[in-house]
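The block underneath contains the structure these notes are about, expressed in structure tokens.
The values are calculated or read from the model by the stated rules, or taken from the named source; none is laboratory data. Remember, predicted model here, so these are calculated numbers, not experimental data. Reconstructed Cβ throughout: ideal geometry from the backbone, glycine too, with neighbour counts over all protein chains shown. Ligands, DNA and RNA are stripped out before the accessible areas are found, and what is left, the full protein with its side chains, is counted by its heavy atoms. Shrake-Rupley method; radii C 1.70, N 1.55, O 1.52, S 1.80 Å.
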Amino acid sequence: MITGIKVTVLIAVVTSVMSLLLGTLIAVMRKSRITPLRALGGLYVETFRNIPGLLWLLFFYFVFPEILPSGLGEKLNAYIYFPIVASIIALTFDNASYVSDIIRSGLLAVPPGQREAAISTGLSRIQQYRYVLLPQTFRKILPPLGTRMIHNFKNSSLCMAITAPELTWATQQIESLTFRGLEATTLATAFYIVVSLSIGGVIIILEKYLKIDIESITHMETG
Amino acid sequence: MDFLIEQFGNWKFYLIGAYPKGPLGGLSINIAIALLCMIISFFIGAIFGMGRLSCRRYISYPCIIYIEFVRATPALLLVFWFFLFIPSVLGTNISLFWSSVIALSIYSTAYQAEIVRGGILAVPRGQMEAALSSGMTRFQAARTVILPQAFRMMLPSFVSFFISLFKETSVIYIIGVIDLTQAGVIISQRQPDRMFASYLCMAIGFFVVCFSMSRVAKTLEKKVGILDLSSYRPTVCRTDLSLYPRGRGKSAA
Amino acid sequence: MIKFTNVNKWFGDHQVLKDITLEISRGEVVVICGPSGAGKSTLIRTINKLEPIDQGEIIVDGFNLMDPKTDLTALRAEIGMVFQHFNLYPHRTALKNIMLAPQKVRGLSKKKATERSLELLKKVGLAHKSDAYPIQLSGGEQQRVAIARSLAMEPRIMLFDEPTSALDPELINEVLDVMTSLAREGMTMIVITHEMGFARSVANRIIFMDNGEILEIGGTLDMFTKPKHQRTREFMSKVLHIPVANNNHEDKPEEGG
């Protein structure tokens, strides 16, 4: 059970961070001037958003080793942590598609004048994103991003389908070994609820902390 | 491409499972469960959503607790609850199908409640004031002015939610329902060398439904505007925008 | 310093710049005026290529803007621009708004950038507001910070796109004062404004635009006293003779072009 919690937290934290990075990259790609990059970003988002995360988990666990050259695939299957690695990869890809959509809508909501101001002081494209556009975007999208991260945390429960030893998997093990599954499941449910609500709480506090900026963003264009 | 065409030989199994000889399965069971849950949870969700806006704490608090707790629980765990424990506690035997429907309905009720609440809050306050000053009662105003507008605004959110619910139905694979995922897994185990193709077929099944629905949602969004659910914070009582009278008063729910 | 030759630009079917030919020399202060929708904004936004042009040639400081080899980022660093809506970065304090570009584009050390930014804030009279966020500043103060932000790159040309038209009347002068002192220092400036008092005191030339065309260019005095064109006369009499307190032209909607 404790190991289960550890694995759940590990999966959730690693996938959240990685999907945030990947999602940002994809969102910026989708705003690129280069058509193939834009198309690639769009294709990525459509593919991962329209196919359930569970399917991606099964895919990376069962199919991925099969399509690799045989020696490599067998090595992967023998690797005891492979279920966890596959979970992290699948959930990162899945979550990144949602994250990139959220970031994209945030980027679209930054007034165009911000970018023009950055351009006319001579900032390069990367600098525009790094210092001007993305900081404002992240302040704006904090609430939906938080909701998404909670979702990602909950989705880590799906990893039990590929025998990653996370919390939900642990409860089912307890059920089948000791028939004390009711207690285990109750505890697990409580754990998920407490963590999800805490993430939500942290987001609300963070949002208040950044309020000066958020207000000024919304007031800018009306002024 | 040959391997794919070969897979399409199994199209019936992917789409409807072993039906009519055996139980219904495959993609149609995902759609059936998603639709059933959508309908059931729309009505219950509307009650919870309006209940959450109530100024009476003994109405709003239980609604908040229900919504927030369910939203904080993974759908998979809810499915387990209804699959493993509730039947044994009640001493009844529910089929896999119905326990999935109940679990996912409970899950989606919480989300639909939030959509309904968001829709009501998005109707400008002046609408209620205009309706009241033309002599309508609060109930009439809610029914003829506020709810029709709110519902229009909710439509795209409903469709988007349907998509995520439809994807969420794939979790019932874990308790052994022969849905599209399970169908694909069964076929892939029968022919392990054709694994990639059978996964591709599953993916296509989900993709086609989700993608077409997301186009519908986009069209609707263009027509009626987007409801930004993220901006609504858990507020106990929004008297300024509420359907209900200020302070004390009759409950509408 | 800036040379337009037969510049044309369309938005769809609508031609927003018609055969613009214009030369502006170093140290000159040029005021552009004209009714809204005349293409004034578009014209100055082509100078740092915020708006690309369809035909013609623009040469700025020896760089040909139509040449794909021109390093636009480097060129833009030499051209300061001040916007109608200030466009300060809302998540950074006044000081940090000014520091960003010198640090990142010019590669100044943090210490040097801070020193220089404080100096500029002092110059626009806002040294005491260095730690304020844009939301905590009045419109006039925001615009002065925006001017300081542009000056921090030590530009050779400054462009002003209706810098005072989003401001309350009592805040306009503090911004105009900063601009006037800048002009006296010899900065090359192109200013879109209807503040004719400002134009009279600092401008070398006034350009009148209408319907995407330059209808008339003339010395400041000439344009005030004996404009040649009928349209110019009408426009001038409107902006000059309506009592200043009325400030009618301030309420014009943002230029739709």
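Remarks
- When residues of region B:204-223 are limited to those that are over 15 Å from B:Ser164 (Cα atoms) and of a type outside the set (Ser, Thr, Tyr), the one farthest from the other protein chains (Cβ to nearest Cβ): B:Lys223
- Of the numbered criteria (1) more than 14 Å from chain C (Cβ to nearest Cβ); (2) of a type in the set (D, E, K, R); (3) over 26 Å from A:Tyr44 (Cβ atoms), the one A:Arg148 fails is (3).
- Identity of the residue in region A:168-198, within 9 Å of chain B (Cβ to nearest Cβ) and in contact (Cβ under 8 Å) with a residue 24 or more places away in the chain, that ends up farthest from A:Leu142 (Cα to Cα): A:Thr171
- Among the residues of region B:41-81, those that are of a type in the set (A, V, I, L, M, F, W, C), closer than 30 Å to B:Ser95 by Cα, surrounded by fewer than 22 Cβ atoms within 10 Å (Cβ to Cβ) and more than 14 Å from chain A (Cβ to nearest Cβ) comprise B:Phe42, B:Phe43, B:Ile44, B:Ile47, B:Cys63.
- Within region A:42-68, the set of residues being surrounded by fewer than 21 Cβ atoms within 10 Å (Cβ to Cβ), farther than 22 Å from B:Val159 by Cα and within 18 Å of the chain's Cα centre (by Cα) is empty.
- Meets criteria (closer than 22 Å to B:Ser170 by Cα, open to solvent by 10 Å² or more (accessible area, probe 1.4 Å) and within 14 Å of chain A (Cβ to nearest Cβ)) for B:Phe85: yes
- Residue that is in contact (Cβ under 8 Å) with a residue 12 or more places away in the chain, over 28 Å from A:Gly181 (Cα atoms) and assigned to a helix (DSSP H, G or I), where the choices are A:Ser87, A:Ser19: A:Ser19
- Annotation: A:Gln136 fulfils all but one of (1) farther than 30 Å from A:Gly4 by Cα; (2) surrounded by fewer than 17 Cβ atoms within 10 Å (Cβ to Cβ); the unmet one is (2).
- Residue selected from region C:61-76 under the condition within 13 Å of chain A (Cβ to nearest Cβ) and of a type in the set (A, V, I, L, M), by the criterion least open to solvent (accessible area, probe 1.4 Å): C:Leu75
- Residue within region C:77-85 that is open to solvent by 40 Å² or more (accessible area, probe 1.4 Å), outside any loop (DSSP other than H, G, I, E, B) and either at pLDDT 90 or above or in contact with a helix residue (DSSP H, G or I) (Cβ under 8 Å, 6 or more places away or on another chain) (or both) present: no
- Number of residues in region C:86-106 that are open to solvent by less than 10 Å² (accessible area, probe 1.4 Å), outside any loop (DSSP other than H, G, I, E, B) and within 7 Å of another protein chain (Cβ to nearest Cβ) equals 2.
- Per the listing C:Ile44, C:Ile2, the residue uniquely within 13 Å of chain A (Cβ to nearest Cβ), open to solvent by less than 10 Å² (accessible area, probe 1.4 Å) and under 27 Å from C:Ser201 (Cβ atoms) is C:Ile44.
- C:Leu120 being part of a loop (DSSP other than H, G, I, E, B) and either open to solvent by 60 Å² or more (accessible area, probe 1.4 Å) or over 20 Å from A:Arg139 (Cβ atoms) (or both): no
- Meets criteria (assigned to a loop (DSSP other than H, G, I, E, B) and in contact with a Leu (Cβ under 7 Å, 6 or more places away or on another chain)) for C:Lys49: yes
- Top-ranked residue in region C:12-46 [being in a helix (DSSP H, G or I) and not hydroxyl-bearing (Ser, Thr, Tyr); ranked as nearest to C:Met209 (Cα to Cα)]: C:Lys40
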